[in-house]
Amino acid sequence: MTVCSQKNISVVIPVFRNQETIEETCLQIFNVYQQTFSQHELEIVLVDDGSDDDSYKKLLSIYERYPEKIVIVKLSRNFGQLFAILAGYSIARGDAIITISADLQDPVSLMADMVAHWEQGNEIVVAYRQGREDDIAARLFSKAAYSVAKKANPNMPSGGFDYLLLSRKAVDLLKAFHGRHRFFQGDVLWLGLKTVFIPYIRKKRKFGKSGWSFSRKIKYFIDLILDSSYLPIRLMSAVGVITALTGCVYAIAIVYAWLVNQTPFQGWAPLMIIVLLVGGMIMTMLGVIGEYLWRIYDDVRERPMYVIDKIICDETQTKIK
């Protein structure tokens, strides 16, 4: 793997179907850098997460214009945003690493404040979504998901976050985490390092289509719940205890009615209702347990979380085997 010279500030950008916006994103980063924190060196690590449009060609074009500032990491296929970010972290050499999306929905200008907070000794600077101009479905999903996450971690901003700065210490700690099914924001806050929060309004997407399909959002929500909270297991235990106690009380009532020859019902309808309710709860509990078991099985196989195909840096193109 190519080892690039160390930089002071690295910006890691996961790229997936961002051919319309990635060039403008980089230009805005350069402008903010030159105007506000040019005393530091800068590198931009662009991680192509298996894009099937012209995003990779755009990355090559950007690299040709700024070879001394750009590093391109090409993954072998689409692994998802989290793993693209982790791949970027494995290459970034900065003392601080900023992560931002490539869709121009997050204000690049906030980088100046983020770097300033880092210079003041903060290990983590989180730019969180105080509001968003997205459609109502995206807003409702975000509110529901992060409301659950906030119960597990009170420090979680209600709007969630993807835009953040991490010190080298924080990045090295996150790289030591294992597990393929993770809630990244929860991992960041779990570290407990000195953190500052900056609010902003997330802009509406103007170009392209989001890679966050409905199925990916559902998986993300499940990962959030299972990875950040014991709630599912505790809920199953509580339901099981309540069901068992209710069953005992009902059983006593039936025995008493039988002893005094006052059977409370005739026929099978009440029995079927009970069987269906209890059976449904059992199947639901087994499904939750299955989710945990699948994650354990997927982790013990110890497959790599991503595969880097190429790194383009300082006029060197390396094939990763």
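Placing dummy labels 7 Å off each Cα toward the beta-carbon, the span from ILE282 to ILE201 is 5.4 nm.
Distant-in-sequence amide contacts of TYR163, defined by a placed amide H-H separation under 5 Å and a gap of 5 or more residues or a different chain, comprise ALA127. For GluC sites (Glu not before Pro), the sites in the stretch 41-116 that DSSP calls loop and that have at most 16 other Cβ atoms within 10 Å are GLU68.
Computed over protein heavy atoms with a 1.4 Å probe, the accessible surface of the stretch 1-129 works out to 35 Å² per residue. Placing a pseudo-label 7 Å from each Cα along the Cα-to-Cβ vector at TRP294 and ASN153 gives an inter-label distance of 2.4 nm. Backbone geometry of the stretch 73-78 corresponds, through the Karplus equation with coefficients 6.51, -1.76 and 1.60 at θ = phi - 60°, to 3J(HN,Hα) couplings of 10, 9, 7, 5, 7, 7 Hz, x marking Gly and Pro. What residues of the stretch 101-120 lie in the reach of a label at ASN31, counting those whose backbone N is under 19 Å from a point 7 Å from the Cα along Cα→Cβ? Those under the cut-off are 101-115. In this structure the amide hydrogen of VAL12, modeled in the peptide plane, comes within under 5 Å of the amide hydrogens of VAL45, ILE98, THR99, ILE100, none closer than 5 places in sequence on its chain. For the stretch 86-95, putting each phi into the Karplus relation 6.51 cos²θ - 1.76 cosθ + 1.60 with θ = phi - 60° gives couplings of 5, 4, x, 4, 5, 9, 4, 10, x, 6 Hz, in residue order, rounded to whole numbers and with x for Gly and Pro.
With r as the distance between the Cβ atoms of GLN120 and GLU64 and R0 = 45 Å, compute the FRET efficiency 1/(1 + (r/R0)^6) and round to 0.05. Walk me through the numbers before you get to the answer.
On the way: r = 37 Å, r/R0 = 0.81.
Step by step, r from the Cβ atoms, then E = 0.75.
Between ARG202 and GLN130, GLY131, ARG132, GLU133, the built amide H atoms are under 5 Å apart, and every one of these is 5 or more places off in sequence or on another chain.
3J(HN,Hα) along the stretch 189-200: 6, 4, 4, x, 6, 4, 10, 10, 10, 10, x, 7 Hz, from the Karplus curve 6.51 cos²θ - 1.76 cosθ + 1.60 with θ = phi - 60°, whole Hz, x for Gly and Pro. Zone of SER38 (label point 7 Å along Cα→Cβ, backbone N under 20 Å): which residues in the stretch 95-109? Answer for the stretch 95-109: 108-109.
For a Förster distance of 45 Å, can you work out the FRET efficiency between the beta-carbons of LYS57 and ALA176, rounded to the nearest 0.05?
Values: r = 35 Å, r/R0 = 0.78.
Result of the calculation: an efficiency of 0.80.
When PHE161, PHE79 are compared by accessible surface with a 1.4 Å probe, the order from highest to lowest is PHE79, PHE161.
The values are calculated or read from the model by the stated rules, or taken from the named source; none is laboratory data. Note that this is a predicted model, so its numbers are computed, not measured. Cβ coordinates were reconstructed from backbone atoms using ideal geometry, including for glycine residues, and neighbour counts include every protein chain displayed. For accessibility, only protein heavy atoms count, side chains too; no ligands or nucleic acids. Shrake-Rupley method; radii C 1.70, N 1.55, O 1.52, S 1.80 Å.
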